[in-house]
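One structure is given below, encoded as structure tokens.
The values are calculated or read from the model by the stated rules, or taken from the named source; none is laboratory data. Small disclaimer: the values here were computed from a predicted structure and weren't measured. Reconstructed Cβ throughout: ideal geometry from the backbone, glycine too, with neighbour counts over all protein chains shown.
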Amino acid sequence: MEAFFFLVFGALATLVAGLELSKTSKDRINTSSAFNSFKNNYLVVYSLMMAGDWLQGPYVYYLYSHYGFGKGEIGQLFIAGFGSSMLFGTIVGSLADKKGRKRACVTYCITYILSCITKHSPQYKVLMLGRVLGGIATSLLFSAFESWLVAEHNKRGFDQQWLSITFSKAIFLGNGLMAILSGLFGNVLVDSLQLGPVAPFDAASCFLAIGMIVILSTWTENYGDPSENKDLLTQFRGAAAAIAADEKITLLGAIQSLFEGSMYTFVFLWTPALSPNDEDIPHGFIFATFMLSSMVGSSIASRLLAHPNPKVESYMQIVFLISSAALMLPVVTNFLVPPSGMKGGGISVSGCIQLIGFCTFEACVGIFWPSIMKMRSQYIPEEARSTIMNFFRIPLNIFVCIALYNVKALPMTVMFGMCSLFLFVASMLQRRLMMIAEIHKSTENYKKQKPKSGKGQNLLSVTSDDKKFTGRKSKSRELKIEFLLLFQTKVLCSQYKVGDLDSWGIPTAANPLVYAKWSKYHSFKIGDSLLFLYPPSQDSVIQVTEESYNSCNLKDPILYMNNGNSLFNITKPGEYFFTSGEPGHCQKKQKLYVYVAGGNGSALAPSDGPSALPDTAASPSYPIDFGSIPHPPSSSPSLGGLFPFFLTAVIGSATWAIINGFM
């Protein structure tokens, strides 16, 4: 059976080489030399960071057992690492947004180096401290670096599509090639040079130190929301509010938690699955094979992301279904292939089938990472990016801790079946995300295609004359969008605190477009309400026309509110324009634009256009409704209600997806 491992490894290596060498100009995106320099700098740093992480992975369990600890104590150490990431991850993410992402990346290096140093001590308490530090470092690794990259990419004015190049290359090099090289290098240090199980951790510290020097000497600082008037708890609540208020972000978090939870569970299951009777399998060689599979996936992802179609939201549905089928193989083979009762020996026929399925799953992992990074860059607001990304890791770490604690109690088939189910649910949620993205895009396109004449035209009649939308397929697509617009209004109404800020006021210099970004990342509907909070003696709110909005003209407002707790109820579709009633505030970007799609299946024309006016109107009429603050709480969740919210998103999402996924 040894030939089988070489055959699989050789086939994957050939496939990776073929995919990379066969790329044509259509599979590549033309970029600038400035971007290439920026990209290569990030890839060097990210590869060094991942090398520091991969060097430790294969030897953590071995080191603990070398010090004489049993499985129970080792399990507690592992749970401490994931628990630390869960408890402290969101805090360090918020600090990264507030104090700077570059500083957070340097903190990652220092924290992980300290974690490596603790491995020299055989004392349980010292090793436990190392696991806590390692958990904090892991949270920073999977949030701060990506947040810095996205913010710096946008700050330098690079094309948004070029981000996908950096993402796919980072996964190909950091999660693929560096994993293989780190495994080989660690094997040389421990087995060939016989430097002991601590040697890989010392080598990891060296790579992390080199990476930290590169960061300090070449990177510039960027922030999420560095405003001094926001404490950590306020920023924490603001991120929670952003997740709860935007269904796209909520879905993205649930999808990520379901996939990564299954992925980390797979890490603990693949060894006993391939050797249930203590078969002699080459663990290091199989690990390298998995990493080659991941490289295949990242290479495929780079091709997919280089083209406008298919959209990432579309093809990821298929990826999740394939990964679900791949992890169902151990369950299927357990019933179809008779188990061998022989102890030892080589890998069984059932093991060979499962190995192919596991390689397929790892290829899906390779596609997942750059694709989820791409979607996060599109949907997560910049001012709270690191905080929100670490929010996503809360249900993930809870799930992994539970799985670790019960790994001996539950049968292998149950664990794999649960992971397969989670991945299927992720596919359904991905379908829902794609539909919402289509609705958002259709409304954005409609706003760009304002009709010049005609009254009361709906979305179908406006676009039916356009040459792009001809034929039966186009009409069917338009009807589908109309139905989705109608369906979207059937959900519960929400109350939004404007800007998710402590008060309605002049934006800070560090985040001058806070209101524009906030409006962009929310989808408003009829029945929702906007809450403006401010000191009545210092500020006010006025609703104005588009012309007055653009020119900051405060005269003759449509509506004037100055009670400090101003609630604006959305009762009609169209465009709404707000600004501060205080002189000079509008010029400093204290103004808000809101677009509301039609609730009867049509996206009506904006209020300043003639097609939105009633036939009997002699002068423009505007949607106005103002009332007092209602007793029920706003849609922004409290801190205490966040954990049940995410647990529900992960554990209870199956029913929700079945009901809503195909609408």
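Against the condition more than 19 Å from the chain's Cα centre (by Cα) and of a type in the set (S, T, N, Q), how does GLN123 come out, does it pass? Here the answer is yes, as GLN123 does meet what is asked.
I'd like the full set of residues that are in contact (Cβ under 8 Å) with a residue 24 or more places away in the chain, of a type in the set (Val, Ile, Thr) and more than 19 Å from GLY366 (Cα to Cα), limited to the range 317-335. Of everything in the range 317-335, just one residue is in contact (Cβ under 8 Å) with a residue 24 or more places away in the chain, of a type in the set (Val, Ile, Thr) and more than 19 Å from GLY366 (Cα to Cα), namely VAL331. Those helices (runs of 4 or more DSSP H) of the range 278-393 in which at least 3 residues are out of contact with any Pro (no Cβ under 8 Å at 6 or more places or on another chain), at pLDDT 85 or above and closer than 20 Å to TRP54 by Cα, considering only elements entirely within it, cover 283-305, 349-379. Hey, does the range 79-89 have a residue that's aliphatic (A, V, I, L, M) and closer than 24 Å to LYS374 by Cα? Scanning the range 79-89 turns up at least one residue that is aliphatic (A, V, I, L, M) and closer than 24 Å to LYS374 by Cα. Looking only at residues of the range 183-230 that are part of a loop (DSSP other than H, G, I, E, B) and of a type in the set (Ser, Thr, Tyr), we find that the one that is modelled with the highest pLDDT is THR220. The criterion of at least 1 residues that are modelled with pLDDT of 85 or more is met, among helices (runs of 4 or more DSSP H) falling completely within the range 448-558, by 514-520, 546-551. If you check PHE78, PHE82 for being crowded, with 16+ Cβ neighbours inside 10 Å, modelled with pLDDT under 85 and in contact with a Cys (Cβ under 6 Å, 6 or more places away or on another chain), only one passes: PHE82. Condition test on LEU233, is it surrounded by fewer than 22 Cβ atoms within 10 Å (Cβ to Cβ), within 30 Å of SER503 (Cα to Cα) and over 21 Å from the mean Cα position of the chain (by Cα)? So LEU233 fits the description; yes.
Looking only at residues that are among the polar types (S, T, N, Q) and in contact with a Leu (Cβ under 9 Å, 6 or more places away or on another chain) in the range 155-183, which one is surrounded by the fewest Cβ atoms within 10 Å (Cβ to Cβ)? Restricting to residues being among the polar types (S, T, N, Q) and in contact with a Leu (Cβ under 9 Å, 6 or more places away or on another chain), the top hit is GLN161. Taken as a whole, the range 187-196 holds no residue that is in contact (Cβ under 8 Å) with a residue 24 or more places away in the chain, under 28 Å from LEU396 (Cα atoms) and of a type in the set (S, T, N, Q). You will find that of THR111, THR118, THR138, the residue that is within 26 Å of ALA199 (Cα to Cα), surrounded by fewer than 21 Cβ atoms within 10 Å (Cβ to Cβ), of a type in the set (Ser, Thr, Tyr) and not assigned by TED's automatic domain parsing to the domain that holds THR387 is THR118 and no other. The number of residues in the range 551-590 being under 18 Å from SER503 (Cα atoms) and acidic (Asp, Glu) comes to 1. With (1) over 22 Å from ILE436 (Cα atoms); (2) within 36 Å of the chain's Cα centre (by Cα); (3) touching a residue at least 24 places away in the same chain (Cβ under 8 Å) as the list, and ASN562 as the residue in question, which single condition is left unmet? The single condition ASN562 does not satisfy is (2).
Yes/no per residue for (1) modelled with pLDDT of 70 or more; (2) not charged (D, E, K, R); (3) not assigned by TED's automatic domain parsing to the domain that holds VAL337:
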residue	(1), (2), (3)
LEU396	yes, yes, no
VAL407	no, yes, no
MET418	yes, yes, no
VAL425	yes, yes, no
SER442	no, yes, yes
